[in-house]
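Inspection log for the structure reproduced underneath, given as structure tokens.
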Amino acid sequence: KPSLPFGDPTKPHLLVLGSGWASMSLLNQIDTRHWNVTVVSPRNYFLFTPLLPSCTVGTLELRSIMCPIRFITGHKKRSVKFVEADVVDIDPQSRHITVKSRQESLELIDKATDASLPYDYLVVGVGAQNATFGIPGVGEHANFLKEIWHAKRIREKVMDCFETASFPGLHPNEVDRLLHFIVVGGGPTGIEYAAELRDFVEEDLVKWFPDVAKRVKITLIEAAPNVLASFDSSLQLYTEKHFQRENIVVRTSTAVREVKEREVIVLEKSKRVVEETHAIPYGILVWATGNGPRPLTSKLAQKLPHELQNQKRGLVVDDHLRVKGTDRIFAIGDCAATPYAATAQVATQQGGYLGRLLSKYGKEVENVVGCGKSVRDACEEVDRNSQEKGFAYTHRGSLAYIGTDRAIADLPGNARLAGFATFLFWRSFYLSSLFTLRNKSLVMFDWTKKILFGRDIARE
Ligand code: FAD
Ligand code: NAD
């Protein structure tokens with residue numbers, strides 16, 4: 001298997017896995033002059049997830065929130081290599097990773113290729129995948145909302161349902177089923193998706209599908225007694241009431257037990273003693289019940305002592321974000337099991353912290369190598385003698401869009417805001433957080449286009 005044919009032999013190799021929030025923040029911070037940096041990810045772009053729900057209905061176009069990773073790494077002082085591949089294995093003993101070319105590449109090169117890349121330092125920033133809790137039928141019939149292709153698929157399916165429901169002579173029950181949109185999970189992803197869908201129906205589809213649009217029903221199913229567990233109870237209540245006004249049915253204390261092709265089986269925890277099971281027909285079901293670890297994360301954890309790696313959520317790390325039980329492997333973002341929520345805010349701060357830490361390490365390694373030691377010995381020495389401060393998270397608040405140009409904000413110091421002004425704050429905050437001027441311009445253009453012409457309803 002080929003090894004990494006890249007870089008200056010007097011500098012340590014840093015492999016960064018993933019091109020999401022955590023990895024991009026690290027790359028923004030790190031001084032690459034002291035490193036041979038390689039990023040490996042199956043995605044050659046960064047995805048701005050907070051605006052992903054807007055792409056499911058065409059408020060924003062997909063490419064407006066994607067930023068090619070080379071646009072980011074291209075600005076570093078020393079070049080950063082990017083490999084588009086899945087990392088399938090990490091060997092902490094030999095300090096190598098195994099990467100596999102993506103399925104799409106196979107059409108161009110006939111056979112699967114894999115390669116082994118060595119590292120001196122490894123940063124795992126592979127995020128998480130959708131949790132299904134082993135509930136039957138979720139993988140087969142539900143739609144997730146985490147990646148760009150998920151948003152594209154949901155957008156297509158919504159239009160499929162409307163066009164099919166408009167077919168002459170369809171039984172009214174079938175029309176009702178097709179136009180029943182179910183969202184499972186009342187966390188911020190589920191809430192924001194339901195809100196965007198409701199906007200799309202009321203602002204656009206009612207006009208273009210006058211015969212059937214009034215039959216649309218949106219139902220949000222949440223297992224807990226309230227939605228938005230991570231927000232203050234006043235904002236939970238505000239959101240539930242707002243949804244009620246906007247005809248989004250919120251079924252709390254109701255857990256999905258099975259997803260079938262056209263109906264979902266739920267268990268309603270009634271206020272009385274008896275629990276009731278119902279079958280609810282649907283046209284599209286979006287599954288947003290939180291995160292589970294990726295196979296790569298679980299595989300690495302299984303290779304390490306169980307007493308150190310015993311968290312279902314991901315890799316257990318120490319104060320410096322080092323994966324416990326390993327040498328010089330760090331984990332940041334959603335793949336790390338920390339006391340913090342799985343948010344872009346946490347991932348960004350962890351990436352920034354590690355970028356600064358590794359900049360210092362790189363400089364120190366360079367000094368030790370200058371005294372005649374090998375890169376490997378220098379890395380070990382620097383690691384052993386490190387006295388850097390640990391990672392500390394600063395919570396800056398949470399925001400969520402709840403539809404009809406309203407948003408909620410749960411800010412530090414018990415400041416709770418909701419309504420139209422909060423929506424403007426939500427928009428300006430995320431607009432200013434987009435990485436490049438190109439993305440900011442595209443997003444502003446899409447928002448203006450929506451106001452002037454409405455959302456596009458053509459099927460691709
Ligand atoms: P990700 O950003 O998911 O990146 C993981 C990267 O690893 C990706 O590039 C992926 O392709 C890559 N990868 C996957 N498998 C492999 C592999 N085997 N080998 C190599 N690379 C791999 N948080 C907020 O703070 N505010 C919000 O408003 C907000 N809104 C959200 C809206 C939605 C719809 C979603 C889904 C999430 C939202 N979040 C928000 C949460 C936030 O997106 C995550 O916490 C954040 O993406 C975590 O960053 P990460 O770098 O750990 O993972
Ligand atoms: P979540 O973990 O925040 O919420 C999932 C919800 O699904 C929970 O309320 C849970 O009770 C419910 N659930 C679980 N199993 C169920 C079942 N079988 N039937 C019905 N309901 C069930 O998940 P999320 O919304 O996908 O968010 C994932 C992470 O991303 C979180 O850390 C979140 O804070 C973050 N995020 C933040 C924002 C924002 O800040 N605006 C937006 C999206 C995501």
Based on this model, can you work out whether Val206 counts as surrounded by 17 or more Cβ atoms within 10 Å (Cβ to Cβ), more than 14 Å from ligand 2 (Cβ to nearest atom) and without any contact (Cβ under 8 Å) to a residue 40 or more places away in the chain? no
Quick check on segment 217-258: of everything there that is closer than 24 Å to Ala142 by Cα and assigned to a helix (DSSP H, G or I), which residue is farthest from ligand 2 (Cβ to nearest atom)? Phe243
Can you name every residue in segment 125-150 that is assigned to a helix (DSSP H, G or I) and within 13 Å of ligand 2 (Cβ to nearest atom)? Val138, His150
Helices (runs of 4 or more DSSP H) wholly inside segment 354-460 containing at least 3 residues that are more than 22 Å from Thr239 (Cβ to Cβ) and open to solvent by less than 20 Å² (accessible area, probe 1.4 Å): 375-385, 437-453
Which condition does Lys77 not pass, out of (1) away from ligand 2 (no atom under 16 Å from the Cβ); (2) charged (D, E, K, R); (3) more than 30 Å from Ser64 (Cβ to Cβ), if it passes all the others? (3)
Give segment 202-214 a look and list any residue that's within 32 Å of the chain's Cα centre (by Cα) and closer than 12 Å to Ala165 by Cβ, or say none. Leu205, Ala213
If I filter segment 125-139 for residues that are among the hydroxyl-bearing types (Ser, Thr, Tyr) and open to solvent by 50 Å² or more (accessible area, probe 1.4 Å), do I get at least one hit? no
Select from segment 259-313 the residues that are among the hydrophobic types (A, V, I, L, M, F, W, C), over 16 Å from Gly139 (Cβ atoms) and assigned by TED's automatic domain parsing to the domain that holds Asn173 and list them in ascending order. Val266, Leu267, Val273, Val274, Ala279, Ile280
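The values are calculated or read from the model by the stated rules, or taken from the named source; none is laboratory data. As the structure is a prediction and not an experimental result, all values here were calculated from the model. When we count neighbours, we look across all protein chains shown, and the Cβ atoms used for this are built from the backbone with ideal geometry, even at glycine. Just the protein is used for accessible areas: all its heavy atoms, side chains included, with ligands, DNA and RNA removed. Shrake-Rupley method; radii C 1.70, N 1.55, O 1.52, S 1.80 Å.
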